[in-house]
Structures are given as C-alpha cells and as structure tokens.
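For reference, the structure is listed below as structure tokens.
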Amino acid sequence: MKWLFKAVAAGILSLAILSAFNLIYSFSGIHIANPSGATDYTWQSGQPKSNMTEGFSWLLMDENGFRNKKVPSKSSVNILMMGSSHMEALNVSKEEDCTSLLSEALPEMSVYNIGMSGHTLYRCVDNAEAACEVYSPSDFLILETDAVALSEEEMSLVLSGNAAAIPSYDSGLLFYLQKIPAIKWIYKQCTDWISLSKKVTASPLDSLEDSFPKETANTTTLSSEYQDTLSSFLGKLQEAAGKTGCQTVIFYHPPASAAPSGEILFSTDPVYLKAFADACAMHDILFLDMTEDFASLYQEQHLFAHGFSNTAVGSGHLNRYGHELIARRLFEIIQNVQKESLQ
Amino acid sequence: MTLNSFSFLVFFAGTLLLLWILKLLLQKNRHFPVILRIFLVIAGYLFIAYADIRYALCLFLFSLFTFFLGLLIRKYPEKKKPLMILGILVPLFFLGLFKYYNFFAGSFCRLIGRNYHSLRLLLPLGISFYTFSAIGYLIDLYRGKYSACTSFTEFLLYMGFFPKLISGPIMRFDDFKRELSGMLLLNPKDFEAGIQIFVIGMFKKMVLADHLNIFVNDVFSAPKAFHSLTVLWAVITYSLQIYFDFSGYSDMAIGSARMLGFHLPKNFNFPYLSSNLTEFWKRWHITLSSWLQEYVYYSLGGNRKGRVRTYVNLLLTMVIGGLWHRVAWTFLVWGALHGIGLILHKLHLKYGISKGCKAGRLFCMLFTFGYASLCWVFFRADSLSEAWLVLTQLFSFQTGILQPYTWTFFSLLLLTTCSIYYFIKKQTFAKNAKICYPVLPLNKVWGLTVFFLLCGLTIGLAYVGNTAFIYGAF
C-alpha cells in the first residue's frame, strides 16, 4: 500500500514534468468549435503553440485562434487566406509563413489567414460561404491545396451539404484532459502506436493532422461525371466568393521527392491537374500551380519546398522556402490582377 | 508480433499475470518446475504462431529432430561424428532452402544466361537463430562438453524461449539449463531491473533507431540526389541506427526474460568505443561472435595451424558470419571486409607499434568507427551497385541536397553522454557482467519518477510508423 502511494505521487510528478517538456517540445493546444462556421474549429484565443517534431517553431495564435501577427477589423480584410495546416504554418517561425510575407509585401492591404489543420480543400469549399460572410474579403479569397486529384465522393458530400465537420470537444472529460499537455501527447502516440498507422482520424484528442493524398499516377481519362462534380464543386466556391465580389485564387503545391537519378519527382497526375486547371478557368478562378517553381528551387539550390531537418527529405509540410516561393508568386498574381483592374 | 509492438505488451502482460497466478497456486507443488517449463513452451509457441502457425511447426520439427539426434549421440557415442554431421547438414539444408535458394538459383541462372523468377519461399521467423542454437548444441555434445538433454520440454524451451526466439541473444544449452534451474520466478529484484532494461530497449528502438531510419532510407534510395556531406551524415546515421535497433531489441529480449526471472547474456557493450576491430567484435553482437569463434573459427583450426591458416580462418569465419545474415554479394563483401580488418589488426599487433597515448586511443576509436561505418554501407545497400553508388557519392565531393538530420545529432549526443558515463562508472559495470545500465530503485519516489518519465518520453517521442527490426529479417 505504501508503495502504491509512492507510485501515485511519482506518477503525478512525472506527468507535471512531462507536461512542462511537452509545452516546449510539441504542444498543439485545445481546439474549440468555431460558431461562425468560417472554419470547423479554431484554437483557443492566444493559444501558445510549440513544434519540434516537424521543423522548429514556437508561436502564439491570435485572439480568434488563428495564426496571424495582427487581427484586422472584420470589415477591412482585403485578402482572406484559407487552407489546411500548410497555411496554418505551425512549422515555420512567425515571420516566415506565406501570410506574413505577403502582408509585408503588401503593406497597404490587410491579409488575414484562417488556415487550420485538417481543413483540406473539401472543408474550405464547404466553409467558404460562411468565411466570406464573416470576413467579407474585398479583393481576394486565396485557397491552398496539395492535391488536385480530388475524391468524387467527398466533393458530392460537400455539394449536397452532408459533409461532416471536424469535431471538437468543447466540454466534458475530453475537453479537460486536453488541458494536460502530456496526456494529450501520450494518448495520441498510443492510439497511433496501437493502430500502427501514421494518421489516426478517429482519435478524439487528435491534433487533426492533414492527410497528404497521393495523386493517382497516369490516369488516362476522367469520367464526365467526375468533371461535372469538380465543376460544381469549384462553382460552389466561386458562388461564395462572388457574393463579396473578390477574386478567388487556388494555389497548388505538389508534394515532391528525390528520384534515384537525383532529379526531383512530382507525383501529380497530369490528367487530374489539367482537369482541375480547366475547371478553375471555367469559373474564373485563378489557378496557381507551383510545380515549376518547386522544380527550379530544387535544380538551382537543391532545396525542397516541403520538409525539415528533422523529417524525411522533401515530405510533410511547407518549409520556409516553400512559403517564400508561394508568397512571391501570390504577390505577382495580386499585382497583375490589380494592374488589369486599373486598366 | 515484434517485441516493440503493442500486441507483444498485451501478450507479455498476460503471460506475467498467468505466471503469477501459477506461482501463487502451485509453487509448493513438486512438479512446479515442469509445469513452469510447459507453460513457457506454450507461451513461446503462441508467440511464434501469432505470426504464422507454420513458423511454430517448423520450430517444433527442428527441435524434435535435434533432440532425438542428441539422444542418439548419447546412446551411440561411437557414431557421434556422423550423427553430428547429419545434425548440422539437415538444419543447414533447410536454412539454405528457405533463405538462400533464390540467391544461388538466381546467380546460377544469370551465369548461364537464363531468366530466373524467384520463388516466394516462407522464411520462418527466427530460423537463423534457432538453427545456430541447434548446431551449437550438437557440436557441444560431440565435443563432450555436456551430456544430451533428456527432457523434451526443457529442450523445446531452449529452442523456443520467446524473449530470445526472433533475434537472440544466442545461448549455449548448458548456460540456458543452468539459468533455468536457478531461475527465481518473478522475483522483485529481477523484475525491477528487467522492466527498466526493457524500457531502455524500447527507447533505443522506437525513439532513436526508427527516427534515424527515415533519413537513412531517403539517402540510400537516391544517393545521387544528395551532397557528399549528407551521404557521410547518412553513413554515420546508419551506424547509429543499426546499433540502436539491434541493441534495443537485445535489451528488450534481455529485459523481458529478466522480468520472468531469467538472465539472458549481454549482447552489446558500447561497440563504438572499440579501438580496433578485434575489440569491436568482442563488444558487438557478442553472442553471435562468440558462437562463430567457438563453432566456426575453432572448428576450422583457429590459430593452431600456423599464421597463414589463422588469417584464412579469420577471413572464412567472417565471410560465413556475413552470409549467415543473408546470402547476397553485399553481405559477402561486408564479412570479407571485416575479415580483412581483423587480419590487418593482427598484422599490426605483430609488426606495428601498439603502445599509444590517450589521443592515440581516441584516434584508433574514430578510425575503427569509420571503418565499421564504411562496412555498414554494404550491409545496408540492396546491391553492390547501390553500395558503390553511395561510396562514390561520398568520396567524390558532389553537390546536392544538404540535410543536417537533427535526430542524428541528438542520437550522437546521447551516445556520447552515455559513453562518458560508462567510462566514469566502468568499474561498477565491470563487476556486473550482465548489465551496463544503472538500475533505479523503484521503491523510492525519485526512482519511480525517473522511470515514469522514461516511459513517458519513450511513448511520446517514439516514431509510431511501422518499422521492422533490422535483425528480424535475418
């Protein structure tokens, strides 16, 4: 019995030390449902974040729980950025993400980023209407995607309004357990260990990592049903953006790896890419494909746009080189659109 | 079921619980040792059958065959030589069939210019390890080191004791029997040490080796894409990975056996602190190198037949050791390079200046580490051409991707810290040949706190993708 008391005391003490360590090493925080619907959830206001598992960064979320240096008033947003954890950019320091770089390059415009982990293009399109209502972007709505080979089933769910939002645990035991960093950390690791899979979506305390869907290689043709669904899907997005009169931009950052020959290898299926680009053009959405920029970055400097010194080479989230390239290309596009509108 | 899987933890916890109940109920029964042996045999066979029931059948047939040959050697001592030869050839034939058939048939077909479609042969789990146990047992009987085992359950347990089944440590039968008879089932002292060794092993495997594996895979799959410095970093990383992987596995095997009350021999002893290759092989995979010395090197004549034969025997032993892992040209080269290294060290001892200062020893340690690391390139590469590609990329000062993989820094730092601690506490460890870790007192709050922290860090920092043990494939 005496030993049991000692074990409990040691357990509490070690949990406290592990939690302190976890705050520095890898702390994602507590996500709460977003009542506005602009995103499925946000992080708690002013949530501190740390990440040493993929890149190295420590930062604070803004008062709305998004990753921004400052919060503009809701009526003054010029550019609204939506996307997944790539846009949330928890892997790079606070000055190095695409939104910060774009804000710096466009001091006259107010750029607001509501990128959130797990918000793939399906979730962004589903939430676009609410996001535009809340933030009313006057000039641009920019979305990020790392996949152009979309699932017809997922798109149909979004179109029919039956797509499930990412759940949050705002109350009850799970909500309070999230407040002890070590418990969340170890719980997630254990669930991953048990299933031995890299991604566990069913985990209630999951930090909602994004999926990195692999493009299907070398599909020769796409069915007309797929193309119709894709067109309707992007049409829904354009309809949402159209209400505020802003220009929609989607940028695609393809995952890449090094081929045995030493060349860079993209897994993008050209048929899907063309279909996606065509569908964007049909709906007056500007489509930015980063493939060539990433290829040049690799050929000239041997750098990948994704990956960090503590992860597999070239895979995972966008790194500072990737963010910088994307910010530069977005800046060019914005300049061009503004010039055209002046003419 | 690998030792780092969640299913093993469930299996092992269940085994411990049942053993504890058995101990409570039957400890005073005079048949308790037999019941215990039968229970452990069943546990071992369940463990292996979980992977594939045919593996269990294969192990049983191997054990049965070796056991009866042992009895025949005991009954007909005048025929012990042919019986021993039979006992070596039959397991080697099956080992060759399962493991080496595709290599030889493929090489032969290539030689005569024919296409060869490799057969999908089942490679029974742990076959290389229990084949060596069986051969060692029969050679020992032939040499008259001990008499043949007469208890079938005891022999089944020797061959199928689950902590050492997949990848060793390889143990001699007489040592195993001695341990078994002196085994204090589930005693608190061994349990306390065992659980700590097990968790340290998990940390080495799941936190260090599995993270290092990611970088090594990247570089070895496309060496031409990487800068020479990155390739050098990957070669160092692989040296660390294979050490943490296999010594981690060995710790988990030793730890789980220790929790039961059984002492398995130490398999690693800071091999990268060796100042020459001879010392390296006394510190790396100790039970395999002892086995090779005892049953291959001495059988070939050892150093009793002149200097040239000694060198030839050394080379042959190391080549056999290489091919034991897998029959491939890369493993042959790996074994040969180690054989040549051992010969050069012997020549150096004979003709060279062997006295040195501390700086000299440090240089020798770095040189030995460098040589062993270059040899590991052949061990890791899928083919000789891939190994050659890695080596040319390494020495040709090519530009390419620069990736200062941080897990390698962390692993090196940890290994260096542990090595310094080992140097400081060398005398303490020298007294206890079976362990080279400090054992925390789990009856004190601070000891428990540090232990829980280690458990938490192991789970929290673990790479939770599916990464197999390197030696699980041999």
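Here the condition is being within 14 Å of chain B (Cβ to nearest Cβ), without any contact (Cβ under 8 Å) to a residue 24 or more places away in the chain and surrounded by fewer than 24 Cβ atoms within 10 Å (Cβ to Cβ); of A:Tyr187, A:Tyr176, it holds for A:Tyr187 alone. Every listed requirement among (1) more than 14 Å from every other protein chain (Cβ to nearest Cβ); (2) outside any helix (DSSP H, G or I) is met by B:Thr2 save one, (1). Filtering the range B:162-200 to residues that are in contact with a Phe, Trp or Tyr (Cβ under 7 Å, 6 or more places away or on another chain) and not aliphatic (A, V, I, L, M) leaves B:Phe162, B:Ser167, B:Gly168, B:Phe173, B:Asp174, B:Phe176, B:Glu179, B:Gln196.
Per the conditions (1) in contact with a Ser or Thr (Cβ under 6 Å, 6 or more places away or on another chain); (2) within 27 Å of B:Val327 (Cβ to Cβ), the sole criterion not satisfied by B:Leu89 is (1).
The residue of the range B:390-421 that is farthest from the other protein chains (Cβ to nearest Cβ), among those that are aromatic (Phe, Trp, Tyr) and surrounded by fewer than 15 Cβ atoms within 10 Å (Cβ to Cβ), is B:Tyr421. Within the range A:223-265, being charged (D, E, K, R) and assigned to a helix (DSSP H, G or I) holds for A:Glu225, A:Asp228, A:Lys236, A:Glu239. Hey, A:Met155 hits all of (1) away from chain B (no Cβ under 14 Å); (2) farther than 18 Å from A:Met87 by Cβ; (3) surrounded by fewer than 21 Cβ atoms within 10 Å (Cβ to Cβ) but one; which does it fall short on? Condition (3) is where A:Met155 drops out.
Evaluation of B:Ser107 against the conditions (1) touching a Pro at 6+ places or on another chain (Cβ under 6 Å); (2) surrounded by fewer than 15 Cβ atoms within 10 Å (Cβ to Cβ) shows that the sole unmet condition is (1). Scanning the range A:8-27 for residues that are within 9 Å of another protein chain (Cβ to nearest Cβ), over 14 Å from B:Leu454 (Cα atoms) and buried (at least 17 other Cβ atoms within 10 Å of the Cβ) gives A:Tyr25, A:Ser26.
The listed residues are B:Lys177, B:Lys224, B:Lys189, and the only one of them that is under 30 Å from B:Phe395 (Cα atoms), among the charged types (D, E, K, R) and assigned to a helix (DSSP H, G or I) turns out to be B:Lys224.
Number of residues in the range B:159-170 that are surrounded by 24 or more Cβ atoms within 10 Å (Cβ to Cβ), under 12 Å from B:Phe132 (Cα atoms) and at pLDDT 90 or above: the value is 1.
If B:Ile170 satisfies every condition in (1) farther than 20 Å from B:Ile85 by Cβ; (2) of a type in the set (Val, Ile, Thr); (3) over 16 Å from the mean Cα position of the chain (by Cα) but one, which is the exception? All conditions pass for B:Ile170, except number (3). Of the residues that make up the range A:114-129, is at least one more than 15 Å from the chain's Cα centre (by Cα), hydroxyl-bearing (Ser, Thr, Tyr) and either surrounded by 15 or more Cβ atoms within 10 Å (Cβ to Cβ) or farther than 26 Å from A:Ser28 by Cβ (or both)? The answer is no; no qualifying residue exists. Select, from A:Glu104, A:Glu95, the only residue that is free of Cβ contacts under 8 Å to residues at least 24 places away in the same chain, closer than 21 Å to A:Leu143 by Cα and in a loop (DSSP other than H, G, I, E, B). Step by step, each of A:Glu104, A:Glu95 is checked, and only A:Glu95 is free of Cβ contacts under 8 Å to residues at least 24 places away in the same chain, closer than 21 Å to A:Leu143 by Cα and in a loop (DSSP other than H, G, I, E, B).
Among the residues making up the range B:262-299, none is touching a Leu at 6+ places or on another chain (Cβ under 6 Å) and at pLDDT below 90. The strands (runs of 3 or more DSSP E) falling completely within the range A:2-82 that include 3 or more residues that are among the hydrophobic types (A, V, I, L, M, F, W, C) and under 18 Å from the mean Cα position of the chain (by Cα) map to A:57-60, A:79-82.
Here is the figure for the range A:293-331: residues that are among the small types (Gly, Ala, Ser) and either part of a helix (DSSP H, G or I) or away from every other protein chain (no Cβ under 14 Å) (or both) total 4. Please indicate, with yes or no, whether at least one residue in the range B:55-77 is among the β-branched types (Val, Ile, Thr) and part of a helix (DSSP H, G or I). Yes, the conditions are met somewhere in the range B:55-77. Could you tell me whether the range A:62-80 includes any residue that is under 28 Å from A:Leu101 (Cβ atoms), of a type in the set (Phe, Trp, Tyr) and within 14 Å of another protein chain (Cβ to nearest Cβ)? Within the range A:62-80, not a single residue is under 28 Å from A:Leu101 (Cβ atoms), of a type in the set (Phe, Trp, Tyr) and within 14 Å of another protein chain (Cβ to nearest Cβ). Taken together, B:Ser274, B:Ser250, B:Ser289, B:Ser256 contain a single residue that is buried (at least 19 other Cβ atoms within 10 Å of the Cβ) and farther than 23 Å from B:Asp174 by Cβ, which is B:Ser274. All conditions in (1) under 28 Å from B:Ile197 (Cα atoms); (2) free of Cβ contacts under 8 Å to residues at least 24 places away in the same chain; (3) not in a helix (DSSP H, G or I) hold for B:Lys282, with the sole exception of (3).
Within the range B:190-245, the set of residues being farther than 21 Å from B:Asn4 by Cβ and hydrophobic (A, V, I, L, M, F, W, C) comprises B:Val219, B:Phe220, B:Ala222, B:Ala225, B:Phe226, B:Leu229, B:Val231, B:Leu232, B:Trp233, B:Ala234, B:Val235, B:Ile236.
One line per residue, one yes/no per condition, for (1) over 20 Å from the mean Cα position of the chain (by Cα); (2) touching a residue at least 12 places away in the same chain (Cβ under 8 Å); (3) surrounded by fewer than 17 Cβ atoms within 10 Å (Cβ to Cβ):
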position	(1), (2), (3)
A:Tyr272	yes, yes, no
A:Leu288	no, yes, no
A:Glu292	yes, no, yes
A:Ser315	no, yes, no
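The set of residues in the range B:381-409 being within 24 Å of the chain's Cα centre (by Cα) and either more than 14 Å from B:Ala222 (Cβ to Cβ) or polar (S, T, N, Q) (or both) consists of B:Ser383, B:Leu384, B:Ala387, B:Trp407, B:Thr408. Restricting attention to the range B:195-241, and to residues there that are charged (D, E, K, R) and within 14 Å of chain A (Cβ to nearest Cβ), which single residue is farthest from B:Gly456 (Cα to Cα)? My answer is B:Lys224.
The values are calculated or read from the model by the stated rules, or taken from the named source; none is laboratory data. Quick caveat: nothing in here was measured; it's all calculated off a predicted structure. So basically every Cβ, Gly included, is an ideal-geometry build from the backbone, and we count neighbours across all protein chains shown.
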